[in-house]
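Report on one structure; see the data block that follows.
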Amino acid sequence: MLRLGLGGNWWGWGADGGDGVGVKGDDAMVGRRGFTVWELAALVGAVGVIAVFVVVMFMPLCGGGRDARDVVSRAHMHSLALGAANYAELNDDLIFSFTWPHAGHGRADVPSGLKEMPFDPLGGSAAQLQHILQRGTGRVRSAPGGFESAIHPLPRSVIWAQRWSHVVMLDTFTDVQPEPIAASPYDKDLQHWQEDPLSYLRPGSGVPYAEGMPGEPGWEVSPVWGDEAVRAMWAFGSSYQVVPQAWLDDEDPVYVPRAESPHGMRLVGEADAPLGGRRMSEVAFPSRKVFMYEEFDRVNRFPDAMWVGYDDAVVNLAFFDGSVRQERVGDARSARDEGDADRVWKQRYVPLDGFPEPLGGLGEEGALDLRFRWTVGGLKGWDFGG
């Protein structure tokens with residue numbers, strides 16, 4: 001077992017990604033040779049050793065555990081960026097994302113009983129995520145624990161690429177699901193869910209919507225959140241998000257942001273249009289274009305957290321050149337509607353159940369610049385340093 005690292009709407013209601021490769025076993029197609037798995041392990045292990053050394057040596061000078069966790073969080077992002085680069089080397093330059101359906105996938109022998117491969121993009125990504133996690137966890141209906149603990153068929157109404165695309169990349173290099181590298185050391189909830197992925201079945205887990213819909217107005221509300229199969233997925237999510245351009249087409253994106261909530265995308269294209277298939281070579285400014293970002297400023301706002309949409313949030317960012325930098329969000333270029341160059345893409349922050357509240361309290365009406373979460377020009381655009 002190899003360990004990697006140190007440790008319309010978003011749900012597409014009513015909408016049903018992509019071609020490509022990058023899954024294990026017979027599903028994998030190898031393009032240009034990258035590092036071998038063992039070479040990658042050595043490199044990532046070196047990152048871990050360096051991070052631990054820095055933490056041990058400099059934690060007293062930096063003010064204690066708060067700064068040590070920031071060092072580890074950046075090391076996590078470095079490792080994820082390294083994994084992304086190696087994934088591209090092994091898979092014809094592809095940026096990792098869900099790859100089902102694609103040529104040759106007519107059937108998927110998922111232990112839960114799924115046999116016929118869905119050929120629509122969202123159904124394919126749901127099937128692929130289910131397949132990966134059932135293999136990685138052994139949580140199938142026929143296993144000990146039976147029906148209750150199984151990874152059940154996932155709804156195809158969810159755009160799984162927004163929070164779970166990293167699972168595809170990690171599946172290429174590790175048998176561990178959930179993988180600790182996906183969790184920020186500040187993200188105690190995710191760490192708890194990773195340690196006990198079945199906690200969503202029990203009261204007090206903190207898993208969003210495990211206790212039902214919040215009664216207080218101002219929280220995100222949708223029937224899909226109560227789906228048990230969706231709640232089971234939180235343990236396999238990540239504190240670090242991938243920008244939409246990694247899996248959406250620049251000129252015909254299929255989905256665009258929803259102004260009323262960050263937890264949704266609005267369908268503007270064909271629901272069966274492929275998602276994914278973007279390539280690293282399409283990135284015009286690798287050192288200036290954000291690839292992955294922390295969803296919250298947990299370092300400078302500790303013990304509170306500020307959502308990444310606020311200009312005063314300072315978050316760790318991984319760029320397409322593999323570098324990781326901490327930047328103030330408001331220093332990034334504004335996001336503008338490609339169809340209207342005078343219109344800045346903006347979005348309200350409506351929290352999910354249990355997530356940090358808006359700075360102005362629940363029900364805050366102000367809209368926030370999307371900035372690097374929706375780059376002008378897509379992969380050919382830039383976010384910082386212009």
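Of all the criteria given as (1) surrounded by 22 or more Cβ atoms within 10 Å (Cβ to Cβ); (2) of a type in the set (Gly, Ala, Ser); (3) at pLDDT below 90, the one not satisfied by ALA232 is (3). Could you tell me whether segment 298-307 includes any residue that is under 19 Å from the mean Cα position of the chain (by Cα) and at pLDDT 95 or above? Yes, because at least one residue in segment 298-307 is under 19 Å from the mean Cα position of the chain (by Cα) and at pLDDT 95 or above. Counting only residues that are part of a loop (DSSP other than H, G, I, E, B) and surrounded by 15 or more Cβ atoms within 10 Å (Cβ to Cβ), segment 363-386 holds 10 of them.
Is there any pair with a first residue in segment 201-214 that is within 11 Å of ALA235 (Cα to Cα) and a second that is exposed (fewer than 15 other Cβ atoms within 10 Å of the Cβ) and modelled with pLDDT of 90 or more whose Cβ atoms are under 6 Å apart and which are 6 or more apart or on different chains, and what are they? Between residues of segment 201-214 that are within 11 Å of ALA235 (Cα to Cα) and residues that are exposed (fewer than 15 other Cβ atoms within 10 Å of the Cβ) and modelled with pLDDT of 90 or more, there is no close pair. Between ASP311, ASP321, the distinction of being touching a Ser or Thr at 6+ places or on another chain (Cβ under 7 Å), not polar (S, T, N, Q) and not in a strand (DSSP E or B) belongs to ASP321 only.
Does ASP272 satisfy being surrounded by fewer than 21 Cβ atoms within 10 Å (Cβ to Cβ) and farther than 18 Å from VAL243 by Cβ? Taking the combined requirement at face value, the residue satisfies it. Given the condition touching a Gly at 6+ places or on another chain (Cβ under 6 Å) and surrounded by 19 or more Cβ atoms within 10 Å (Cβ to Cβ), answer yes or no: does some residue in segment 249-257 qualify? Within segment 249-257 (the criterion being touching a Gly at 6+ places or on another chain (Cβ under 6 Å) and surrounded by 19 or more Cβ atoms within 10 Å (Cβ to Cβ)), the answer is yes, since at least one residue qualifies. For segment 141-171, filtering for residues that are among the basic types (Lys, Arg) and not in a helix (DSSP H, G or I) leaves 2.
Check segment 285-295 and report whether any residue there is small (Gly, Ala, Ser) and either touching a Lys or Arg at 6+ places or on another chain (Cβ under 7 Å) or farther than 26 Å from MET77 by Cα (or both). The answer is no, given that none of the residues of segment 285-295 is small (Gly, Ala, Ser) and either touching a Lys or Arg at 6+ places or on another chain (Cβ under 7 Å) or farther than 26 Å from MET77 by Cα (or both). Are any of the residues in segment 349-362 assigned to a strand (DSSP E or B) and either in contact with a strand residue (DSSP E or B) (Cβ under 8 Å, 6 or more places away or on another chain) or surrounded by 14 or more Cβ atoms within 10 Å (Cβ to Cβ) (or both)? No, segment 349-362 contains no residue that is assigned to a strand (DSSP E or B) and either in contact with a strand residue (DSSP E or B) (Cβ under 8 Å, 6 or more places away or on another chain) or surrounded by 14 or more Cβ atoms within 10 Å (Cβ to Cβ) (or both). Taken over segment 261-284, the criterion of being out of contact with any Lys or Arg (no Cβ under 6 Å at 6 or more places or on another chain) and of a type in the set (D, E, K, R) is satisfied by GLU270, ASP272, ARG278, ARG279, GLU282. Could we say that ARG202 is under 25 Å from GLY269 (Cβ atoms) and not small (Gly, Ala, Ser) here? No: the conditions fail for ARG202.
The values are calculated or read from the model by the stated rules, or taken from the named source; none is laboratory data. Given the structure is predicted, the values throughout are model-derived calculations rather than measurements. All Cβ positions, even for glycine, are placed from backbone atoms using ideal geometry, and neighbour counts span all protein chains on display.
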